[in-house]
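Have a look at the structure below, then the notes.
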Amino acid sequence: KRYEEETNLRCHLIVDNSSSMHYPKLANGDAFYTNKIGFSVLASAVLMNLLKKQRDAVGLSVYSNTLEFYASEKGSERHHRMILNKLEEILIKPVLSKHTDTATFLHQIAEKIHRRSMIILFTDMFQLGNNEALFNALQHLKHNKHKVVVFHVIDRKTEVNFNFDNAPRKFIDMETGAEINIFADTVKSLYEDKVNLYFDSIAMTCAQNKIKYVPVAVEDSFEKIVTTY
């Protein structure tokens, strides 16, 4: 006798839709996936298409300052269309001045996913609050033996390398509206040191918890990033 086991994967996509994810602002002619939210939406759609071909179930969560959307894992054509419509809506209706507490919503989503799944998170990891809470939430996602992948989406030129000239500039927090006037080169070195230290701690936390960590710079080739993963 021959026995062939058919294993169906369950995958849950999580997209951070806070205002900082809609950076950088796109100019006319820019591809929509060259900012953080655009990359996250297109990558989610690509992954969902692969899952659909394998007849695997897919779900979606979207959060900002609330848990905006939650759909459990299903494999029907109608369900896939609903998720694609939601992803498209994120691009058409950008959120303004919406902060987020990623840790809180990751805990909420983790509580909803009971069956063993692959969980894929798209976020820039920018949030107010303590880092320990965020790291605890990532650990919670590993509960029930879920496989977790974090796409850490950033704009390397300005959010990591802080490439601004020495003209006086006003920086505005996209989520709180707070403003600060500075000469960029006076804080460049300190800023870059702190950001790199924070990002290194995220990568280390993921490694310690056997979470796949995928750093993404939106100015790089979309095809190369997704194909490599």
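The values are calculated or read from the model by the stated rules, or taken from the named source; none is laboratory data. Nothing here was measured: the structure is a model prediction, and the numbers come from that model. All Cβ positions, glycine included, derive from the backbone under ideal geometry; neighbour counts span all protein chains shown. Note: areas computed on protein heavy atoms with side chains; ligands, DNA, RNA excluded. Shrake-Rupley method; radii C 1.70, N 1.55, O 1.52, S 1.80 Å.
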Filter result for residue 68 (without any contact (Cβ under 8 Å) to a residue 60 or more places away in the chain, under 15 Å from the mean Cα position of the chain (by Cα) and closer than 22 Å to residue 175 by Cβ): yes
For region 141-153, pairs from a residue that is free of Cβ contacts under 8 Å to residues at least 60 places away in the same chain to a residue that is β-branched (Val, Ile, Thr) and not in a strand (DSSP E or B), with Cβ under 9 Å and 6 or more apart or across chains, are 143/113; 144/113; 146/113
Within region 180-221, tally of residues that are farther than 16 Å from residue 157 by Cα and of a type outside the set (A, V, I, L, M): 13
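Residues that are open to solvent by 80 Å² or more (accessible area, probe 1.4 Å): list the strands (runs of 3 or more DSSP E) wholly contained in region 148-229 that include at least 3 such residues.
Hits in region 148-229: 168-172, 179-183.
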Restricting the search to region 64-109, which residues are under 21 Å from residue 34 (Cα atoms), of a type in the set (Gly, Ala, Ser) and touching a strand residue (DSSP E or B) at 6+ places or on another chain (Cβ under 8 Å)? 64
Residue 145: passes all of (1) within 27 Å of residue 222 (Cα to Cα); (2) exposed (fewer than 13 other Cβ atoms within 10 Å of the Cβ) but (1)
Options 192, 175; residue that is in contact (Cβ under 8 Å) with a residue 24 or more places away in the chain, charged (D, E, K, R) and within 27 Å of residue 47 (Cβ to Cβ): 175
